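Please find one structure pasted underneath; my questions will follow.
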Protein chains: 2
Amino acid sequence: LDYQHVQVPFEITLWIMLASLAKIGFHLYNKLPSVVPESCLLIFVGLIMGGIIYGLNDRSPPVMDSDIFFLYLLPPIVLDAGYFMPSRPFFENIGTILLYAVVGTIWNVFGIGFSLYGICQVKAFRLQDVSLLHNLLFGSLIAAVDPVAVLAVFEEIHVNEKLHILVFGESLLNDAVTVVLYKLFRSFCEMPTIKSVDVFAGVGKFFVVGLGGVLVGLSFGFTAAFTTRFTKDIRVIEPLFVFLYSYLSYLTAEMFHLSGIVAIISCAMGMKRYVEANISLKSHTTVKYFMKMWSSVSDTLIFIFLGVSTIGENHEWNWPYICFTVIFCLIWRALGVLVLTFFVNRFHVNTITSKDQFIIAYGGLRGAICFSLVFLLPDFHRKKLFIAATTVVILFTVFVQGMTIRPLVDLLAVKRKRESAPTVGEQIHIRFLDHLLAGIEDISGHWGQYYWKDKLEYFNSKYLQKILLREYDQPKSSIVLLYEKLERKHAIELAQAGQLGHGPTHPSFLCSAFLCSNSDRTVITDQKLEDTLNPDVLDNMQEILARNLYRIRRTGPAYNRHTLPGDSEPTEQAKEILILCHKNL
Amino acid sequence: LDYQHVQVPFEITLWIMLASLAKIGFHLYNKLPSVVPESCLLIFVGLIMGGIIYGLNDRSPPVMDSDIFFLYLLPPIVLDAGYFMPSRPFFENIGTILLYAVVGTIWNVFGIGFSLYGICQVKAFRLQDVSLLHNLLFGSLIAAVDPVAVLAVFEEIHVNEKLHILVFGESLLNDAVTVVLYKLFRSFCEMPTIKSVDVFAGVGKFFVVGLGGVLVGLSFGFTAAFTTRFTKDIRVIEPLFVFLYSYLSYLTAEMFHLSGIVAIISCAMGMKRYVEANISLKSHTTVKYFMKMWSSVSDTLIFIFLGVSTIGENHEWNWPYICFTVIFCLIWRALGVLVLTFFVNRFHVNTITSKDQFIIAYGGLRGAICFSLVFLLPDFHRKKLFIAATTVVILFTVFVQGMTIRPLVDLLAVKRKRESAPTVGEQIHIRFLDHLLAGIEDISGHWGQYYWKDKLEYFNSKYLQKILLREYDQPKSSIVLLYEKLERKHAIELAQAGQLGHGPTHPSFLCSAFLCSNSDRTVITDQKLEDTLNPDVLDNMQEILARNLYRIRRTGPAYNRHTLPGDSEPTEQAKEILILCHKNL
């Protein structure tokens, strides 16, 4: 037996296997996932695992390594989030999202930091040795909403698109703020005196870290798109480039102390449009599927490790500090959301309702990022207290808030995500309105959102597409593309409807047989072709074409990270067709 | 700048990126890959890279780590080979393959070892300090044909299926022999005296290592199939299990000193049938695509690293030893193939022609496995000589033999792979003959290949399928499955034919529009449906259905590791349909 030799890959594979099997286990019982969020169940599994390891070895189980988390587990999740980000609602609400992410996070950091410092002044609590800077440092790591935790909970409750993007977008973009503040306070803690220059440098760093991340991400994204121009003869490595360039953008940003999360999101959003046009359909399926798979596994591992790392002797328990941390996290977030939304609502026609505000405040879950950051703190005598407080806040938000948010959404009757995708009519009108508003903004001299969108679209079709797309000389109108997509989908559905019936006398089989026979007739036999060109038939065709275009199915983006869009759809639609056939018979 | 922090993943990503970009580069110029095999080009890139590193640092570039090779680079390639192994020719020739792999490899090891020992006795060569055991040890690592190198060359020359599987199967299965002999001689080298018991133990180990690998592989394969029974609600992690279980089988086998290659091949071949039936179509595309992608990248990296590792000061040059090694490798392999084939041909009706024998002998390429094994040798004073000889043999076989084998195949007019897949008629006849032969063998009391195949098939449908498949109660006849597959493909093709025309007056657009209109009519309007049930139409339908089944396309297995089967086909067929439409108009 030579275990040493294979230990590293063997243990990694086993952990991934455990995570995957745990996931299968939950889904075997349909009731469990509908009541408890998966994240809670996974933490629970992790707690049990940690307990077993602790019991057997009689020492603390290994905690999640911060390097492993930031270098290997986080990127797949953020890449998935960025790649499947619904860009329209994101850019429509970018102002609000940035306000929450930047101002909101700063508000929370200072709010929590100063109030905890206040608590530390109470002599009875015996916390006087925790300085203001340490409290602010703690505030900077505990204040940020965690994208992994938010995604895990929000994708299960299906709130409306705007609400989802507000919370989720904030959780992603606050990374830049967290990085800056955390590093700032950490270096302040080690400095003997703090000059006002340092504080100003810190403010300047916000822009560098955020915008630098965007720049790094976009440049890698465009390089990726440009590379896929040349993969026509070697389709099989196409998916690789999507992953490689995204990961490089993340690592490069981290290397320069920029925001890796912002970089990978910009990279994914920048490349998506061009890469999808360049790579083959099968490569695209692979990219989508693998991204989902990877992020799903990462996310499972993170929650299990969170559970495992909780067990052990890393904690220093201090009731007042820990309880007040939880309370301040809740209060300052609620206050921040209220105040910021008040300003946002003054400048917007589509206001954020008070129900939405409640869900935004309540959905401020903390997760593995805080946890990794607290372990990265330099050693000082109260580190274990901070670890305990962070653990409690994470468990409280994930378990209590995560489990109650679904009943609350039901109770408050928060507006849900619309089930049906927009019809083609709606889509055409939306596009028409975009053009119109861009025109109005241009005439009125107001350089708003639509004006910039229009300019960007012009720049894209004029320059970017020509450089980044392989077949830039054939710009298809999106309505033609949509029709082609529908046509292809419809054809597959019909073939699959045929699959449902096994005998030749089954109606669905007849349908598809008829389909085949007719198409064959069109292609092969002459006599029938003349029928096809009959003006009557042509009229009929046009009418059905129009109807076809009307009967549009789901084309909108899907949020759920654990199932691919339209995964179960085809069979349902095939059934629908079958039922229609039956009725007609 | 914090490079230390991201160094490991950053450098790995950059190496993979370099490999992928090199691959794209070769395919940009169509003429290059048709003359020089990709493996040679990649080694060449590696040599240049190594030269640059050597020139800049003035010390040897890092050699390929044997652990990295065996733990991370080799498994994806072998998994891909096993998963896409054409099982029929493999099992039909399993006896011959095993003969070549076991007896042939032993023949080569001892032949090369003893003759090199003879060379060492010549005083003028100054090699008298190389003992017989060391020569045998060297023979055990240099004798084995390398699957990676063989695959890289043979998939480009398209020889007939039997010839391909003989060389490729041998290169895979000789791993068990190589593992045993290499470890045996290495331990003998370190032992003071060798007893005859040790030699017998070595012989017994053959069976343990080989059969143990098969057992480990099959048990992991069946577990994988069993696991995918329960993934219906969580499709997105299905592909993961294929990779995880295969990798675990490899690692487990390596852990117990069994043959990892044999294990992973058994695992892949064992699970394939059941996993494919259990997982969704999209998951299956992802599995296939990712396997190809991964093995393609691994293979690229291996050849680049081979090139890089060649440069440096690891070599001790001794003309006679190195030249004689190359000569003996060629001679002993040629002799072995001749002698073994003589025996094989006496017992087979389908004999191996002398042309085939020449290609089998000539196709005995050496590659990265030898290279990794020679670096794993314990330190002794002539290790650098062995490294030099191994490097020369690898470069000679890959460059000289690899580059000349294609012209030789052309010159000798070796029977090529048939381009067209077998028709349904042929397939039905083959199956019929199988049943017939199984019956004849049963009656005549001869327990041959067909008898066992039949028994295995019975066992499979009676027990294995019920345990491992999700919907075992619906066994579909394979002809129905084939028809469904064709139907689905046809539907997609028609939709894509529609894609080629952009205006509504274009004939292909009309075809697909007609297709849609008809299917819609069938589904929705009553009046048309009655037409459908007209007996005339039904007859017509049946006729076209029959023709449809006749017009079968590629269903056979494809060998090429770098393109997925049927990758470029749909568009070609769509064009064909378009041309037909044009003609008819």
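For the range A:35-49, name all the residues that are part of a helix (DSSP H, G or I) and more than 14 Å from every other protein chain (Cβ to nearest Cβ).
Hits for the range A:35-49 are A:35, A:39, A:40, A:43, A:44, A:45, A:46, A:47, A:48, A:49.
Looking at (1) within 25 Å of the chain's Cα centre (by Cα); (2) at pLDDT 85 or above; (3) over 27 Å from residue A:34 (Cα atoms), find the lone condition where residue A:429 falls short.
(1)
When both residues are 6+ apart or on different chains and their Cβ atoms are under 7 Å apart, which pairs have a first residue that lies in the range A:64-86 and is away from chain B (no Cβ under 11 Å), and a second that is in a loop (DSSP other than H, G, I, E, B) and of a type outside the set (Asp, Glu)?
From the range A:64-86, the pairs are A:84/A:557; A:86/A:557.
Conditions first: (1) more than 30 Å from residue B:247 (Cβ to Cβ); (2) of a type outside the set (Lys, Arg); (3) within 19 Å of the chain's Cα centre (by Cα). Residue B:69 passes all but one, so which condition is the exception?
It is condition (1) that residue B:69 fails.
Of the residues A:32, A:74, which single one is in a helix (DSSP H, G or I) and buried (at least 16 other Cβ atoms within 10 Å of the Cβ)?
After applying the criteria, what remains is A:74.
List the residue pairs whose Cβ atoms are under 7 Å apart, where the first residue sits in the range A:21-34 and is at the interface with chain B (Cβ under 10 Å from one of its Cβ atoms), the second is outside any helix (DSSP H, G or I) and open to solvent by 30 Å² or more (accessible area, probe 1.4 Å), and the two are 6 or more positions apart or on different chains.
Listed by first residue and then by second, the contacts come to A:27/B:233.
Turning to a different aspect of this structure: Which ones in the range A:381-412 are touching a Cys at 6+ places or on another chain (Cβ under 9 Å), open to solvent by 10 Å² or more (accessible area, probe 1.4 Å) and more than 20 Å from residue A:324 (Cβ to Cβ)?
Answer for the range A:381-412, where residues must be touching a Cys at 6+ places or on another chain (Cβ under 9 Å), open to solvent by 10 Å² or more (accessible area, probe 1.4 Å) and more than 20 Å from residue A:324 (Cβ to Cβ): just A:403.
Every residue, every condition in (1) without any contact (Cβ under 8 Å) to a residue 40 or more places away in the chain; (2) in contact with a helix residue (DSSP H, G or I) (Cβ under 8 Å, 6 or more places away or on another chain), yes or no:
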residue: A:412; (1), (2): no, yes
residue: A:419; (1), (2): yes, no
residue: A:424; (1), (2): no, yes
residue: A:430; (1), (2): yes, no
residue: A:436; (1), (2): yes, no
residue: A:439; (1), (2): yes, no
residue: A:442; (1), (2): yes, yes
residue: A:445; (1), (2): yes, no
residue: A:452; (1), (2): yes, no
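Please count how many residues of the range B:177-195 are hydroxyl-bearing (Ser, Thr, Tyr), free of Cβ contacts under 8 Å to residues at least 60 places away in the same chain and part of a helix (DSSP H, G or I).
Count: 1.
Could you check the range A:119-132 and list, in sequence order, the residues that are open to solvent by 40 Å² or more (accessible area, probe 1.4 Å) and in a helix (DSSP H, G or I)?
If the condition is that a residue be open to solvent by 40 Å² or more (accessible area, probe 1.4 Å) and in a helix (DSSP H, G or I), then A:123, A:124, A:125, A:132 are the ones that fit.
Next up: Can you find a residue that is free of Cβ contacts under 8 Å to residues at least 60 places away in the same chain and either within 30 Å of residue A:236 (Cβ to Cβ) or among the polar types (S, T, N, Q) (or both) anywhere in the range B:333-348?
Yes, the range B:333-348 contains at least one residue that is free of Cβ contacts under 8 Å to residues at least 60 places away in the same chain and either within 30 Å of residue A:236 (Cβ to Cβ) or among the polar types (S, T, N, Q) (or both).
For the range A:263-294, which positions are more than 9 Å from every other protein chain (Cβ to nearest Cβ) and of a type in the set (S, T, N, Q)?
Within the range A:263-294, A:266, A:278 meet the criteria.
Name the helices (runs of 4 or more DSSP H) wholly inside the range A:419-469 in which the number of residues that are open to solvent by 90 Å² or more (accessible area, probe 1.4 Å) is 2 or more.
The qualifying helices (runs of 4 or more DSSP H) are A:424-444, A:449-459.
Further question: Kindly provide the set of residues from the range A:230-275 that are of a type in the set (Lys, Arg) and more than 21 Å from residue B:292 (Cα to Cα), ordered by number.
A:272, A:273
In addition: Give all pairs with beta carbons closer than 7 Å in which a residue from the range B:261-285 that is outside the structural domain of residue B:218 (by the TED database) meets a residue that is of a type in the set (D, E, K, R); count only pairs at least 6 apart in sequence or on separate chains.
none
Being assigned to a helix (DSSP H, G or I), open to solvent by 60 Å² or more (accessible area, probe 1.4 Å) and facing chain B (nearest Cβ under 8 Å) is the filter here, so list the residues in the range A:205-262 that pass it.
A:230
Run down A:16, A:52 and say which single residue is surrounded by 14 or more Cβ atoms within 10 Å (Cβ to Cβ) and either part of a helix (DSSP H, G or I) or more than 8 Å from chain B (Cβ to nearest Cβ) (or both).
A:16
Now for a separate question. Does the range B:299-312 contain at least one residue that is within 14 Å of another protein chain (Cβ to nearest Cβ), open to solvent by less than 30 Å² (accessible area, probe 1.4 Å), closer than 19 Å to residue B:144 by Cβ and in contact with a helix residue (DSSP H, G or I) (Cβ under 7 Å, 6 or more places away or on another chain)?
Within the range B:299-312, one or more residues are within 14 Å of another protein chain (Cβ to nearest Cβ), open to solvent by less than 30 Å² (accessible area, probe 1.4 Å), closer than 19 Å to residue B:144 by Cβ and in contact with a helix residue (DSSP H, G or I) (Cβ under 7 Å, 6 or more places away or on another chain).
Could you check the range A:361-413 for helices (runs of 4 or more DSSP H) lying wholly inside it with 3 or more residues that are within 18 Å of residue A:183 (Cα to Cα)?
Helices (runs of 4 or more DSSP H) meeting the threshold: A:368-375, A:383-395.
Applying the selection to the range A:335-380, what residues are surrounded by 14 or more Cβ atoms within 10 Å (Cβ to Cβ) and of a type in the set (Gly, Ala, Ser)?
Within the range A:335-380, A:336, A:361, A:363, A:364, A:367, A:368, A:372 meet the criteria.
Against the condition surrounded by fewer than 22 Cβ atoms within 10 Å (Cβ to Cβ) and not β-branched (Val, Ile, Thr), how does residue B:332 come out, does it pass?
Judged against the criteria, residue B:332 is not a match.
The values are calculated or read from the model by the stated rules, or taken from the named source; none is laboratory data. Nothing here was measured: the structure is a model prediction, and the numbers come from that model. Methodologically, a virtual Cβ is constructed for each residue, glycine included, from the backbone with ideal geometry; neighbour enumeration extends over all protein chains shown. Surface accessibility is based on the protein's heavy atoms, side chains included, excluding ligands, DNA and RNA. Shrake-Rupley method; radii C 1.70, N 1.55, O 1.52, S 1.80 Å.
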